[in-house]
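So the structure is just underneath, and the comments pick up after that.
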Amino acid sequence: MYQILSAPSARSIASILLALLASQSMAAEVNWIDVQRDGGRVDVRSELVINAPLPAVYAALLEYDQFAQMGDTFADSRYVEPAADGAPRIYTRIEGCIWFFCKTIERTARLEVEPQRKILAIAEPERSDAALSIESWTLTAAGDSTVIEYRHEIDTGFWVPPLLGALIINRSVEKGTRKAASRIEDMAIASRTPTLAQN
């Protein structure tokens, strides 16, 4: 069962940077990436191995106030007013280009979680540029590391040439996924310090 999660408080970016400088982590790994495209609809799946324990990775993935630090595509990310039933809600703004086709996608989404197991972000179409956006992170402990099964189904109506577009989208997703995996690992390691701990 999913449960409503109270939004975590903002963390100190300066403290996180300090913790990163003190850490000596192994590089995060991307086991595989699969991108399926049908017109403006894209289905991205990947499996990541983060060299940090599951509780720390779970906490890092809920730090939407700092998601803009995770990759170059997130121009803004933050928690917004909760839903009427108390469920946390997030706002993200993604800016990116595929070849010379550029687009900004704003999204407001509801978060649902299975504690220490799964995070699900479902966009509110009336408050988002995407007609569909369902993003999930499923976590499994693997010793001192964490395996993440990531999936993002999104329909933005963002048209690019079919053949060339598919190649560029795949390359862009792969590059972004590898960078995000590394930053998730850094954030998870930083969150293990006492001043950044999250219940």
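The values are calculated or read from the model by the stated rules, or taken from the named source; none is laboratory data. These numbers come from a predicted model, not from an experiment. When we count neighbours, we look across all protein chains shown, and the Cβ atoms used for this are built from the backbone with ideal geometry, even at glycine.
Assorted remarks:
- Tally of residues being among the β-branched types (Val, Ile, Thr) and modelled with pLDDT of 85 or more across segment 13-34: 2
- Of all residues making up segment 125-152, the number that are hydrophobic (A, V, I, L, M, F, W, C), assigned to a strand (DSSP E or B), over 13 Å from the mean Cα position of the chain (by Cα) and more than 10 Å from LEU48 (Cα to Cα): 3
- On the stretch given as segment 31-63, residues that are surrounded by fewer than 17 Cβ atoms within 10 Å (Cβ to Cβ) and in contact with a Leu (Cβ under 8 Å, 6 or more places away or on another chain) total 2.
- Residue tally, condition under 13 Å from SER133 (Cα atoms) and either part of a strand (DSSP E or B) or free of Cβ contacts under 8 Å to residues at least 24 places away in the same chain (or both), over segment 30-49: 4
- The residue that is modelled with the highest pLDDT, among those in segment 153-199 that are of a type in the set (D, E, K, R) and assigned to a strand (DSSP E or B), is GLU153.
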